[in-house]
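Chemist: Sharing a structure with you now.
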Amino acid sequence: MRFPRGRRRLAIVVAALLATAAVAVIVHRVLAPAEVSTVARADYPAPARPAAGVIGRLPVAPLIVDGRLRVYAAHRQVYADRPVDGRYRTSPYWSYRRWPAELTGVVASGSTVVSRWSDGQLVALDARTGGVLWRADGPEPVESTAPVRRTWAATVWDAPGLQLTDLPDGRVVLVVTGDAQARGVELSGGRELWRVELPGRCRSDVGTSATGLLIGLDTCAGAATVEFRDAATGEVRERWRPPGGPDGFVVTPLGCRTGGSDCLGLRTAGPGDEGGQGWLLTARSPVAAPALDPAGAALVGEQSVAVLDGVVVGRSARTGGELWRSAGLGAARVLAGQPGRVHLLTEANDLVTLDPVTGRQLSRFALNVGSDGTGWAPGAVTAEDGFVAIERLRRPVDPTGDDRRYYYTGETVILAAT
């Protein structure tokens with residue numbers, strides 16, 4: 001049976017339209033903005049308390065959350081695994097993906113994990129389930145020229161433009177900055193507290209203080225000035241310069257909880273300064289703390305810990321009085337600190353953990369796993385909930401090399417309990 005020529009042409013046109021519509025549907029499904037949330041199907045794990053020593057090695061940098069999970073970053077994904085003291089990375093406990101936005105930063109407080117994306121979106125996840133708690137708009141992040149390395153350490157250990165701070169009334173504020181704007185968001189529900197315009201790239205973030213301030217370095221008017229902004233209101237509380245300091249200087253946060261969040265002090269250093277000047281952050285202007293002046297000195301709680309002529313010395317950061325000293329570690333360096341612990345790395349890549357108040361040694365062991373050896377240089381590091389995670393770099397370190405040349409092994413992050 002043959003169709004008349006007109007009907008045949010009509011059938012061809014209809015078939016072509018149907019095919020075009022099907023392709024359009026497929027393209028829309030593939031290319032349209034989307035998110036995929038895969039929630040946990042198992043119980044929330046209990047906090048782990050492993051014995052001191054090397055736990056294992058991981059291909060990507062873990063953010064230790066609530067002492068129970070490890071949270072990781074990927075190009076368009078944030079995900080978690082368990083147990084927190086597992087020797088290797090395991091199948092995701094939960095996962096959250098967005099497309100086509102890219103993940104730019106992750107921070108956590110308690111059981112809340114906040115992810116920031118290239119389109120400015122903030123998505124808070126419940127660490128216990130991976131479910132979305134809230135979403136909020138934020139300023140688009142500053143486009144970074146630094147390469148994103150395969151461990152994603154900068155994304156989870158020092159998220160740019162994304163800091164947390166605790167207010168005196170117990171609230172936690174997420175402070176988000178971009179090129180020309182900053183916003184304060186209440187962590188508990190995602191409510192925006194304030195937004196302010198920023199002058200641009202002549203101002204840069206330093207971090208947040210444990211007293212509820214956003215700290216920035218402003219060079220827009222010529223002489224560098226430290227800006228302290230109230231994290232509850234967004235208002236500038238004070239603009240400060242080190243007395244007698246040079247017009248240009250850099251600022252390094254000290255004693256931070258993680259990354260640049262909840263910091264207890266600062267170090268300012270001008271051109272040619274070997275170390276710089278240390279300062280304690282208070283509710284008012286910074287207070288000079290000479291015990292924090294030496295290069296490499298760490299602030300752990302109220303104690304300064306530094307290696308001076310091969311001897312580890314603990315001092316009161318407030319008074320400068322010596323509390324203790326520990327010899328015999330050789331050419332060690334202070335690696336990181338966390339409440340109740342200060343971590344040092346020896347020349348042989350032993351991890352030594354001391355009590356910052358008394359100097360008592362809490363643990364010491366070689367940072368070696370399997371047959372990897374200890375012939376590596378330390379890269380980025382984080383310390384939280386009794387754990388230390390370190391990137392291992394190939395010697396000599398080549399900052400411009402690709403990842404295969406830059407990192408020591410494929411599973412380059414070593415995780416230890418202290």
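Chemist: Within the stretch 70-83, how many residues turn out to be in contact with a Leu (Cβ under 9 Å, 6 or more places away or on another chain) and not in a loop (DSSP other than H, G, I, E, B)? It would help to see each step written out before you state the result.
Modeler: First, the residues of the stretch 70-83 that are in contact with a Leu (Cβ under 9 Å, 6 or more places away or on another chain): 70-78, 80-83.
In the following step, the residues that additionally are not in a loop (DSSP other than H, G, I, E, B) were identified as 70-74, 77-78, 80-81.
The number of residues fulfilling the criteria is 9.
Chemist: Going by the conditions given, is Y96 hydroxyl-bearing (S, T, Y) and either within 15 Å of Y44 (Cβ to Cβ) or in a strand (DSSP E or B) (or both)?
Modeler: Details: hydroxyl-bearing (S, T, Y): yes; either within 15 Å of Y44 (Cβ to Cβ) or in a strand (DSSP E or B) (or both): yes.
For Y96, the condition - hydroxyl-bearing (S, T, Y) and either within 15 Å of Y44 (Cβ to Cβ) or in a strand (DSSP E or B) (or both) - is met.
Chemist: Same structure again: Looking at the stretch 85-110, I want the residues that are open to solvent by 60 Å² or more (accessible area, probe 1.4 Å) and have a partner that is among the aromatic types (F, W, Y) and at pLDDT 95 or above with Cβ atoms under 8 Å, at least 6 apart or on another chain. Which pairs are those?
Modeler: R89/Y72; P92/Y79; E102/W117
Chemist: Looking only at the stretch 168-179, which residues are out of contact with any Lys or Arg (no Cβ under 7 Å at 6 or more places or on another chain) and surrounded by 15 or more Cβ atoms within 10 Å (Cβ to Cβ)?
Modeler: R171, V172, V173, L174, V175, T177, G178
Chemist: Only one of these conditions is not met by T319: (1) hydroxyl-bearing (S, T, Y); (2) assigned to a loop (DSSP other than H, G, I, E, B); (3) crowded, with 19+ Cβ neighbours inside 10 Å. Which number is it?
Modeler: So T319 meets the others, but not (3).
Chemist: Now for a separate question. Among (1) open to solvent by 30 Å² or more (accessible area, probe 1.4 Å); (2) assigned to a strand (DSSP E or B); (3) under 30 Å from I64 (Cβ atoms); (4) out of contact with any Lys or Arg (no Cβ under 6 Å at 6 or more places or on another chain), where does T282 come up short?
Modeler: (2)
Chemist: Which one of G373, G359 is free of Cβ contacts under 8 Å to residues at least 60 places away in the same chain, out of contact with any strand residue (DSSP E or B) (no Cβ under 8 Å at 6 or more places or on another chain) and not aliphatic (A, V, I, L, M)? Walk me through how you get there before you give the answer.
Modeler: Details: G359 fails: out of contact with any strand residue (DSSP E or B) (no Cβ under 8 Å at 6 or more places or on another chain).
Result: G373 is the single residue among G373, G359 that is free of Cβ contacts under 8 Å to residues at least 60 places away in the same chain, out of contact with any strand residue (DSSP E or B) (no Cβ under 8 Å at 6 or more places or on another chain) and not aliphatic (A, V, I, L, M).
Chemist: Out of L193, L217, L174, report the one residue that is part of a strand (DSSP E or B) and under 30 Å from L58 (Cα atoms). Can you show your working first?
Modeler: On the way: L193 fails: under 30 Å from L58 (Cα atoms); L217 fails: under 30 Å from L58 (Cα atoms).
That would be L174, the only listed residue that is part of a strand (DSSP E or B) and under 30 Å from L58 (Cα atoms).
Chemist: Going through the stretch 46-101 one residue at a time, which ones are touching a helix residue (DSSP H, G or I) at 6+ places or on another chain (Cβ under 8 Å) and of a type in the set (K, R)?
Modeler: None; the set is empty.
Chemist: Mind listing just one residue for me: the one in the stretch 196-234 that is in contact (Cβ under 8 Å) with a residue 40 or more places away in the chain and of a type in the set (D, E, K, R) and, of those, most open to solvent (accessible area, probe 1.4 Å)? Walk me through it before giving the result.
Modeler: Kept after step one, since they are in contact (Cβ under 8 Å) with a residue 40 or more places away in the chain, are these residues of the stretch 196-234: 201, 205-215, 226, 229, 231-234.
Subset that is of a type in the set (D, E, K, R): 201, 205, 229.
Working: R201: 159, D205: 49, R229: 20 Å².
It comes out as R201.
Chemist: Moving on to the next point. Among the residues of the stretch 129-147, write down those that are surrounded by fewer than 19 Cβ atoms within 10 Å (Cβ to Cβ), in contact (Cβ under 8 Å) with a residue 60 or more places away in the chain and not in a strand (DSSP E or B).
Modeler: T129, G131, listed by residue number.
Chemist: Next question. Name the residue that is nearest to A417 (Cα to Cα), counting only residues in the stretch 50-69 that are more than 23 Å from the chain's Cα centre (by Cα) and not in a strand (DSSP E or B).
Modeler: Only one residue fits best here, namely A52.
Chemist: On the basis of being open to solvent by 40 Å² or more (accessible area, probe 1.4 Å), out of contact with any Ser or Thr (no Cβ under 8 Å at 6 or more places or on another chain), more than 29 Å from V311 (Cβ to Cβ) and at pLDDT below 95, does A295 make the cut? Don't jump to the end; show me each part of the working.
Modeler: Numbers: open to solvent by 40 Å² or more (accessible area, probe 1.4 Å): yes; out of contact with any Ser or Thr (no Cβ under 8 Å at 6 or more places or on another chain): yes; more than 29 Å from V311 (Cβ to Cβ): no; at pLDDT below 95: yes.
No.
The values are calculated or read from the model by the stated rules, or taken from the named source; none is laboratory data. Please read these numbers as outputs of a predicted model, since none were measured by experiment. Every residue, glycine as well, gets a Cβ built from its backbone with ideal geometry; the counts of neighbours run over all protein chains shown. Surface areas here come from the heavy atoms of the whole protein model, side chains and all, with no ligands, DNA or RNA. Shrake-Rupley method; radii C 1.70, N 1.55, O 1.52, S 1.80 Å.
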